[in-house]
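The values are calculated or read from the model by the stated rules, or taken from the named source; none is laboratory data. Since this is a predicted model, take the numbers as computed values, not measurements. Don't worry about glycine lacking a Cβ; one is built from the backbone with ideal geometry, like all the others, and counts go over all protein chains shown. Protein only, heavy atoms only, side chains kept; ligands, DNA and RNA dropped before computing areas. Shrake-Rupley method; radii C 1.70, N 1.55, O 1.52, S 1.80 Å.
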Amino acid sequence: MIAITFDDGPHSSVTHDILDILEQYEAHATFFIIGDRISHHADIIRRIVEQGCELGNHTYGHLDLSQMNQQEMNNQIKTSEETLASFVDSSFLPKLVRPPFGNTSEILLENCPYPIITWSIDTKDWSHKNAERSFKEVVNHVQDGDIILMHDMYSATTEATKKIVEWLNKQGY
């Protein structure tokens, strides 16, 4: 089993295209969403849930939690959750947190109300925006149990997702 995750969305066209690919292959993913994007993309949030994918909390403003005190961190996580609660049933609220940039601190690790999820394979799609490079990063390193990090903001990520999901499917994942 491999976990495919997307950060920093939702994004209007890219997230829909990724959801189309996941639906085609009967695959699921976790979308770590930014709270201040929720109200602008409520239709996408609902589709993620309806399609059986998971929502994760990526904070309200995509700020570095490791540089915050406990109250500021809690506010980033809670505000994102409260915003989402007005659009989805409480049973679909995130039960996972991915800190922006993967940065943690002792305060976060000791006080986060949910499991903190990072990744084992970073496609670096945000940096190179090249589908083939993202695909090769996965193919060259993937092992059972890995968590793949991508970002549902770039058209190259859509292309990479199709190749990755198709390849993983053929490998029996």
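When the dipole is taken about the Cα centre of the stretch 16-64, and only Lys, Arg (+1) and Asp, Glu (-1) are charged at their Cβ, what size is it in debye, to the nearest 20?
It comes to approximately 160 debye.
Normalised Debye scattering of the stretch 18-93 at q = 0.14, 0.15, 0.24, 0.26 Å⁻¹ gives log10 I(q)/I(0) of -0.46, -0.52, -1.06, -1.17, counting only Cα atoms as equal scatterers and leaving out solvent. Heavy atoms of the protein chains alone define the surface here; on that basis the stretch 26-173 has 51 Å² accessible area per residue at 1.4 Å probe size. 3J(HN,Hα) along the stretch 74-87, derived from phi through the Karplus expression 6.51 cos²θ - 1.76 cosθ + 1.60 where θ = phi - 60°, amounts to 4, 5, 4, 6, 5, 5, 4, 4, 5, 5, 5, 4, 7, 10 Hz, with x in place of Gly and Pro.
What are the GluC sites (Glu not before Pro) within the stretch 1-79 that DSSP puts in a loop, where the Cβ has at most 13 other Cβ atoms within 10 Å? Don't jump to the answer; show the numbers that get you there.
Values: sites: Glu23, Glu26, Glu50, Glu54, Glu72; in loops: Glu26.
Of the GluC sites (Glu not before Pro), the ones in loops of the stretch 1-79 whose Cβ has at most 13 other Cβ atoms within 10 Å are Glu26.
For His62, the amide hydrogen comes within under 5 Å of the amide hydrogens of Gly35, counting only partners 5 or more places away or on other chains and with H modelled in the peptide plane. For the pair Ser39 and His141, the difference between a 0.36 nm per residue extended length and the Cα-Cα distance amounts to 33.1 nm.
3J(HN,Hα) couplings calculated from phi for the stretch 47-61 with the Karplus curve 6.51 cos²θ - 1.76 cosθ + 1.60 (θ = phi - 60°) are, in sequence order, 5, 4, 5, 4, 7, x, 8, 9, 9, x, 8, 10, 6, 7, x Hz; Gly and Pro show x. Per-atom-type breakdown for the chain gives carbon and sulfur 46% of the accessible area (1.4 Å probe, protein chains only).
Would you mind counting up the charge near Leu65? Only other residues with Cβ under 13 Å from its Cβ, with Lys and Arg at +1 and Asp and Glu at -1. Working shown, then result.
Numbers: positive: Lys78, Arg98; negative: Asp64, Glu72, Glu106, Glu110.
That works out to -2.
On the basis of the beta-carbon distance and an R0 of 25 Å, Ser86 and His28 show a calculated FRET efficiency of 0.55. Only Cα sites of the stretch 72-173 enter the Debye sum here, all with the same form factor; the resulting log10 I(q)/I(0) across q = 0.25 1/Å is -1.19, listed in q order. Note on the chain: lysine pairs with Cα distance below 16 Å, sequence gap of 8 or more or different chains, count 9. FRET efficiency for the pair Asn75 and Ser12, taken as 1/(1 + (r/R0)^6) with r the Cβ-Cβ distance and R0 = 30 Å, rounds to 0.65.
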